[in-house]
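Chemist: Please read through the structure below; I'll follow up with questions.
The values are calculated or read from the model by the stated rules, or taken from the named source; none is laboratory data. Please read these numbers as outputs of a predicted model, since none were measured by experiment. Neighbour counts are summed over all protein chains in view; Cβ atoms, including those assigned to glycine, are modelled from backbone coordinates with ideal geometry. Protein only, heavy atoms only, side chains kept; ligands, DNA and RNA dropped before computing areas. Shrake-Rupley method; radii C 1.70, N 1.55, O 1.52, S 1.80 Å.
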Amino acid sequence: MSANRPRVMQSFGRPRRTTNPYIVQLDQALASRPEIEHLRFSWRQALTTRIDVLHLHWPETLIEGSTWWKRLGKRMLLRTLLLKCRLTGTAIVRTAHNVEIPGDASRAEKGLLRRIEECADYRILLNPGTRLRWKSASTVIPHGHYADWFADVPRVDPDPDVLGFVGLVRHYKGVETLIDAFAQTAETAPKLRLRISGNPTGEALAAEISQRAAGDRRVELDLRYLPEADFATAIMRSAGVVLPYRFMHNSGSVLAVLSLNRPVLVPRNDVNEDLAREVGPGWIHMFDGELGPEDLLAFASAAAGVRGAPDLSRRGWERAGADHVAAYRAAVAEHRG
């Protein structure tokens, strides 16, 4: 490493069409920083090249494989990489996208992922309220906005009678609860509609969503993978977006909705309370406990009066790039102790 230009390898490779926009925008932000040498991940380079910082995002993706022997091979490679980092003085940085190890990981995978957390020299937190069981030096770098990402998508006006859910449909996101709660608004708000747009994670969940929605003609389903333009358009066509997650910590979907100037209804927690104060009044609406019909009715009424744009000035990607460079320097200093 030169004294002023650390070599930093990310845990992601060259972005593809389906790559998480957070990663794509971070990749662009870091590539534009002359203060570091920005490297995308490859096993060959990771194991044979001297690097100063290894930045891990979702480390479980490094050990994914279509067969058991591929997963076993990936685990062996990752253990070798951790040993190399220890022997060559490479600092390990972790971005805390999630607060727990994935529950669907195997016993061997969980053990390796715990080892990674124990080895981390420095952590990047996306929220000041993040609490982790593993301790290390850390800094907060807020999740960047999507205003630039969606800049080329044609603007459309919202339908004042439509609430939306947009994004990958998973059990923990509470779409079933949303449909049931919405059904109870039929008598009070017969003109209100609910549009659910996104790809379910399995056929069983898709069937359940369809069955629950079948009894309410006000519910519209678009259960497919949404290209970026369709994703953004689905958000903009809604007067407000409901994200009734059973657990929510770092949600890129919330920032996507705000980046397209639409209000959002989310579960109440410390992270969302902080975000509501940051972006200004009228944009973040919250419900307590389980989502109910009264929450949807109140949100629909409030969303109809929202105008302008939320304050996302703290979440620009140029600033995020500079903050990451500072974090890498701090991680190297921390590792050297």
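Chemist: Cross-link partners among aspartates and glutamates for Lys74, C-alpha distance below 16 Å, same-chain residues fewer than 8 apart left out?
Modeler: Glu60, Glu64, Glu109
Chemist: What does the charge add up to near Ser253, with Lys and Arg as +1, Asp and Glu as -1, over the other residues with Cβ less than 12 Å from its Cβ? Before the final figure, lay out each step's value.
Modeler: Values: positive: Arg170, Lys173, Arg262; negative: none.
That works out to +3.
Chemist: Further, regarding this structure: Tally Lys/Arg at +1 and Asp/Glu at -1 over every other residue whose Cβ is under 12 Å from the Cβ of Asn269; what's the total?
Modeler: Surrounding charge for Asn269 is -1.
Chemist: Please state the relative contact order of the chain as a whole percent: Cα pairs under 8 Å, 6+ residues apart?
Modeler: Relative contact order here is 19 percent.
Chemist: Projecting each Cα onto the charge dipole of segment 54-167 (Lys/Arg +1, Asp/Glu -1 at the beta carbon, about the Cα centre), which of Ile141, Leu54, Thr90 comes out farthest on the positive side?
Modeler: Thr90
Chemist: Same structure again: May I have the extent of the alpha carbons of segment 176-282 along their three principal axes, as whole Å values ordered from largest to smallest?
Modeler: Projected onto its principal axes, the Cα set of segment 176-282 covers 39, 34, 25 Å.
Chemist: Further question: Can you list the lysines whose alpha carbon sits under 20 Å from that of Lys135, skipping same-chain ones fewer than 8 residues off?
Modeler: Lys110
Chemist: Rg to Rh ratio, segment 20-67, alpha-carbon atoms and Kirkwood radius?
Modeler: When Rh is taken as the Kirkwood radius, the ratio is 0.99.
Chemist: Once the Cα gyration tensor of segment 216-331 is diagonalised, what are the square roots of 5 times its eigenvalues, in whole Å and ordered largest first, as equivalent ellipsoid semi-axes?
Modeler: 28, 17, 15
Chemist: Binning at 5 angstrom from zero up to the longest distance, how are the C-alpha pair distances of segment 97-146 distributed in percent?
Modeler: The calculated distribution, bin by bin, is 4, 18, 26, 21, 16, 11, 3, 0.
Chemist: Using the Karplus curve 6.51 cos²θ - 1.76 cosθ + 1.60 with θ = phi - 60°, work out ³J(HN,Hα) for each residue of segment 225-233 in order, rounded to whole Hz, and write x for Gly and Pro.
Modeler: 5, 9, x, 3, 5, 5, 4, 5, 5
Chemist: May I pose another question? Between Rg and the Kirkwood Rh of segment 6-112, both from Cα atoms, what is the Rg to Rh ratio?
Modeler: Radius of gyration over Kirkwood radius for segment 6-112 works out to 0.95.
Chemist: Any idea what log10 I(q)/I(0) is at q = 0.20, 0.23, 0.25 Å⁻¹ for segment 247-304, Debye with uniform C-alpha scatterers and no solvent?
Modeler: Scattering profile of segment 247-304, log10 relative to I(0): -0.73, -0.97, -1.14.
Chemist: Could you tell me what percent of the accessible area of segment 1-143 is made up of carbon and sulfur, with a 1.4 Å probe and every protein chain present?
Modeler: Values: 3590 of 7270 Å².
With neighbouring chains kept in place, the figure for segment 1-143 is 49 percent.
Chemist: Which value, in debye to the nearest 20, describes the size of the charge dipole of the chain about its Cα centre when Lys and Arg Cβ atoms bear +1, Asp and Glu Cβ atoms bear -1, and nothing else is charged?
Modeler: Values: 46 positive and 39 negative charges, 357 e Å.
Here the chain has a charge dipole of around 1720 debye.
Chemist: How much net charge surrounds Phe287 when only other residues with a Cβ under 10 Å from its Cβ are counted (Lys, Arg +1; Asp, Glu -1)?
Modeler: -3
Chemist: In Å, what Rg and Dmax follow from the Cα atoms of the chain?
Modeler: 21.4, 69
Chemist: Now for a separate question. In segment 93-246, if the dipole is taken from +1 on Lys/Arg beta carbons and -1 on Asp/Glu beta carbons about the Cα centre, which of Ser238, Phe182, Ser106 is farthest to the positive end?
Modeler: The one lying farthest along the dipole's positive direction is Ser106.
Chemist: On average, how much area does the Cα convex hull of segment 82-124 cover when viewed from any direction, in nm²?
Modeler: Working: hull surface 12.8 nm².
Value for segment 82-124: 3.2 nm².
Chemist: On to the next question. Please figure out what share of the DSSP beta bridges in the chain is antiparallel and state it in percent, rounded to the nearest 5.
Modeler: Of the beta bridges lying entirely in the chain, close to 0 percent run antiparallel.
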